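All remarks here apply to the structure that follows.
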Amino acid sequence: MTFTKPNGKRRVVVTGAGMLSALGRSWDEAYSRLKEKKNLIKYMQEWEHLDKMNTKLACPYTEELPKFPRKKIRGMGRVGLLSLVATDDALRMAGLLDEEGNSIEEIKNGRTGIAYGCCMGSMQALSDMIGIVERGDFSKVDSQTYIKCMPQTCAANLSIYYQIRGRVIVTDTACTSGSQAIGYAYEAISDGRQDMMIAGGADELSAADSAIFDVMGAASARNSAPETTPTAWDAKRDGLVIGEGAGTLILEDMEHAVKRGARIYAEVAGFGTNMDGTHITSPNSETQAVALKLALDDAKVSPEDIAYVNAHGTATAHGDVSESNAVYKVFNRAVPVSTTKSYIGHTLGACGAIESWLTINMMNEGWFHPNLNLSEVDPECAPLDYIMGDGREIDAEYVMSNNFAFGGVNTSLIFRKWSEN
């Protein structure tokens, strides 16, 4: 077994993960719901008073969150709690908590770090802070309000909860927060700076997030038929739907994982990220393609080696066209593609981590979910193999997961099926 790449960099593997989305908290739950080929978008009655907002659709996480010691979660808003549940599940899966649920020594020795992000911290806490400026209202603000809404709320709270003393990387890059966290965590281990990293992203549901896309004309308004939207790649798509959730992956130096007898779920083979440098919200297919090429180069594989691409697939007018053309520029073939957002909407800062974990599990299962609500591919979208129907059985060694964000941030991750070779 070779623990390093030809360039001397350490190989990095996934030894645990946790996720929260409308698909569930486990792969078994998610797999069952993906197989049903029904999305989980809901009409939000509690948003009906927002009469100037066209969309009333979202995909909340509706299960009750587990209980944690109150003293240890005082500085966590909902986004922090979502990240905590996903991380606790991930650490348990990786065998890094003791029987009482406390961190084992390897988590606390400085050789384990954290890379985590979200879009804006807890929106409720942020609203309470704004009340000071707008209304002079201090009644809802206490010593923990800022902690709940600060950009690094997830990373900071998790590091304190689990007594993590290694590096902290805060990836608040909107829709690439989760994928950049995984990528930067992978690089920190590959370079030998850490042995393990907790990596992921989270976002709580807020009408304000939907409103952002609504005023841009990029949010779906099929309020009377939630099950029919979003419709990525479709000629009649009308925009995205906001979701809620969290995803955490435990990344580990391969040699370290093997020596401690950890179960390995996949290898992180490559990562690419860059900026468009052209427009704050309009994507650039040329620079998106470069990010994909960077990931391929890092993994030392060719486009032909990639058996499946989990796409960002937001179902926005410009986003789908730009992304599909970027993928085709790199692959120059009809590579199989689908987007998880057609099931659970756009979970913003969480999507990169949730989609990565689902992609890894689909690779291990040998089955990849179809795109929902895709009837007629938009002729402006590139000629890719948009998976439809009952999904696709594929024996894949390498898979890719891509995400793109406001600010022109592009990310691409490549995962390899675990093998002892």
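The values are calculated or read from the model by the stated rules, or taken from the named source; none is laboratory data. Fair warning: this is a prediction, and the values are worked out from it, not measured in the lab. Positions of Cβ are backbone-derived with ideal geometry, glycine not excepted, and every protein chain shown enters the neighbour counts. Just the protein is used for accessible areas: all its heavy atoms, side chains included, with ligands, DNA and RNA removed. Shrake-Rupley method; radii C 1.70, N 1.55, O 1.52, S 1.80 Å.
Some observations on this one:
- Each residue, K300 and S419, gets one label point 7 Å from its Cα in the Cβ direction; the gap between the two is 1.4 nm.
- When both bridge partners sit in the chain, DSSP labels roughly 70% of those beta bridges antiparallel.
- Gap separating the Cα centres of region 347-421 and region 166-192, nearest whole Å: 20 Å
- Over the chain: helical MRE at 222 nm, DSSP H runs n ≥ 4 each giving -39500 (n - 2.57), nearest 500: -9500 deg cm²/dmol
- Hull volume in cubic angstrom per residue (convex hull over the Cα atoms of region 228-299): 175 Å³
- Rh (Kirkwood; distinct C-alpha pairs) - region 363-421, Å: 14.0 Å
- Carbon plus sulfur fraction of accessible area for region 259-361, probe 1.4 Å, in percent: 53 percent
- Hits among lysines - C-alpha to C-alpha of K71 under 26 Å, sequence gap 8 or more where chains match: K108, K140, K148
- A Cα-only calculation for region 291-345 places Rg and Dmax at 11.8, 33 Å.
- For region 113-247, the share of accessible area belonging to carbon and sulfur comes to 54 percent (1.4 Å probe, ligands and nucleic acids excluded).
- Relative contact order computed over the chain (Cα-Cα under 8 Å; 6+ residues apart), in percent: 23 percent
- Surface per residue (accessible, 1.4 Å probe) for the chain, Å²: 39 Å²
- Within the straight-line cut-off of under 27 Å between alpha carbons, the lysines reachable from K5 are K259, K293, K300, K417, sequence neighbours fewer than 8 places apart in one chain being disregarded.
- The charge dipole of region 285-421, taken about its Cα centre with unit charges on the Cβ atoms of Lys, Arg (+1), Asp and Glu (-1) only, comes to about 260 debye.
- Region 97-250: antiparallel DSSP beta bridges as a percent of all, rounded to 5: 40 percent
- At full extension, L50 and V133 could sit 27.6 nm farther apart than now, given 0.36 nm per residue minus the alpha carbon distance.
- For K56, the lysines whose Cα falls under 22 Å of its own Cα, not counting residues fewer than eight places away in the same chain, are K38, K42, K236, K341.
- Multiplying the residue separation of E100 and T228 by 0.36 nm and removing their Cα-Cα distance gives an extension gain of 41.6 nm.
- Once both labels are positioned 7 Å from their Cα atoms along Cα-to-Cβ, the gap between S32 and D390 label points is 2.0 nm.
- Inter-label distance for V258 and T278, nm, one decimal - labels placed 7 Å from Cα along Cα-to-Cβ: 4.4 nm
- Region 346-381: GluC sites (Glu not before Pro) in DSSP loop, at most 11 other beta carbons within 10 Å: E376
- Lys, Arg +1 and Asp, Glu -1 on Cβ, resulting dipole of region 47-139 about Cα centre, debye, nearest 20: 240 debye
- Debye intensity ratio in log₁₀ form over the Cα atoms of region 55-138, taken at each q of 0.14, 0.20, 0.22, 0.25 Å⁻¹: -0.69, -1.12, -1.23, -1.37
- Answer label for P(r) over Cα pairs in 20 Å bins from 0, in percent (calculated), chosen among [x] 29, 59, 12, 0; [y] 26, 55, 18, 1; [z] 23, 41, 25, 11, 0: [x]
- Separation between Cα centres of region 199-214 and region 1-63, rounded to whole Å: 13 Å
- Listed by number, the DSSP H helices of the chain that run 15 Å or longer by alpha-carbon position along their axis and have mean Kyte hydropathy of at least -1.0 are 78-93, 123-135, 177-190, 285-299, 317-331, 351-365.
- Between V215 and K67, residue separation times 0.36 nm minus the direct Cα-Cα distance comes to 49.6 nm.
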